[in-house]
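Heads up, the thing below is written out as structure tokens.
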Amino acid sequence: MTEAALELFANEYARHRDAEGRGYDCDTLLQLPYLDHGPHAAQWRVRARTFDAFMEKVLRPAATRANRSLDVLDLGAGNGWLSYRVALEAHRVFALDIRDDAIDGLGAATPFRSRSEGVQCIIASFDSIPLSAGSADLAVFNASLHYATDLAAVLRDATRVTRSGGEIAILDSPFYDRESDGLAMVQEKRAAFGSRADVLMALPFIEFLTRERLRKALPDLKWTRHRVRYGLAYELRPLVAAIRRRRRPSRFDLWVAKRP
């Protein structure tokens, strides 16, 4: 993947996100992920539950075991909201993203950085992380791993920068039980983008995950799925899809692997 291709995608994706209304003001940013109003509130309710599960099942137990502040790598950090929340618990966080725009890239992280010295922003791709081996206790893919173009390479680099005994966590990437359902989703996404599909989907992102894809990408990583309860309407989606004879929907659970 060339730098020019990445830059083109980053610019076009920022425009797309702006059109969706993802450029939040300071007060709204500081509420994330607990946003209870606006057109994206339902999505943020899902993300808030995943984040709460991550804090309860991963971050806080890891800090307790280590008995110290942790070094956390937020891969695909976007505007940095997760980095900020983690830094509020006295941890050091590297917020990494290829985008530095002020819509919802790292350029929008100013309100977080001005309120916490624990967040350091890095503009880079997560398939070539500019950190030395063993830099982090915990690597987190925050709604981002489905943007990998080479899943094995990305997971290898995340493993490289994570200390032995540390953990790698996946939050809010679409998972499917069946490959066919994920492929159907990609086709639906392309159709929804319409004339902009050739630009927004120009890079060969993997777009979704399955347990088998994770297993094949890096067999040394043994993944544990922590099922997150998202509310009745969300949990009923598979039933609704079956009644309407549509593909099964994805889930956005928490997946964790210990670094060997």
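The values are calculated or read from the model by the stated rules, or taken from the named source; none is laboratory data. All figures in this text were calculated on a predicted structure; none of them were measured in a lab. Neighbour counts run over all protein chains shown; Cβ positions are idealised from the backbone, glycine included.
Conditions tested, residue by residue: (1) charged (D, E, K, R); (2) free of Cβ contacts under 8 Å to residues at least 40 places away in the same chain; (3) out of contact with any helix residue (DSSP H, G or I) (no Cβ under 9 Å at 6 or more places or on another chain); (4) surrounded by fewer than 18 Cβ atoms within 10 Å (Cβ to Cβ).
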position	(1), (2), (3), (4)
205	no, no, no, yes
212	yes, yes, no, yes
236	no, yes, yes, yes
254	no, no, no, no
* **Residues within the stretch 25-69 that are in contact (Cβ under 8 Å) with a residue 60 or more places away in the chain and among the basic types (Lys, Arg), tallied** => 4
* Hey, any hits in the stretch 215-225 for a residue that's farther than 21 Å from residue 152 by Cβ, touching a Leu at 6+ places or on another chain (Cβ under 9 Å) and either of a type in the set (A, V, I, L, M) or at pLDDT 95 or above (or both)? -> no
* Looking at the stretch 124-158, which of its residues are closer than 19 Å to residue 63 by Cα and hydroxyl-bearing (Ser, Thr, Tyr)? -> 135
* Mind listing whichever residues of the stretch 213-237 are basic (Lys, Arg) and outside any loop (DSSP other than H, G, I, E, B)? => 213, 215, 216, 225, 237
* **Hits in the stretch 238-252 - residues which are in a loop (DSSP other than H, G, I, E, B), basic (Lys, Arg) and surrounded by 15 or more Cβ atoms within 10 Å (Cβ to Cβ)** => 247, 248
* Would you mind listing the helices (runs of 4 or more DSSP H) fully within the stretch 1-73 where at least 1 residues are surrounded by 12 or more Cβ atoms within 10 Å (Cβ to Cβ) and of a type in the set (Val, Ile, Thr)? => 26-31, 41-54
* Structure fact -> Scanning the stretch 169-212 residue by residue, those within 23 Å of residue 234 (Cβ to Cβ), in a helix (DSSP H, G or I) and among the charged types (D, E, K, R) turn out to be 179, 181, 188, 189, 211
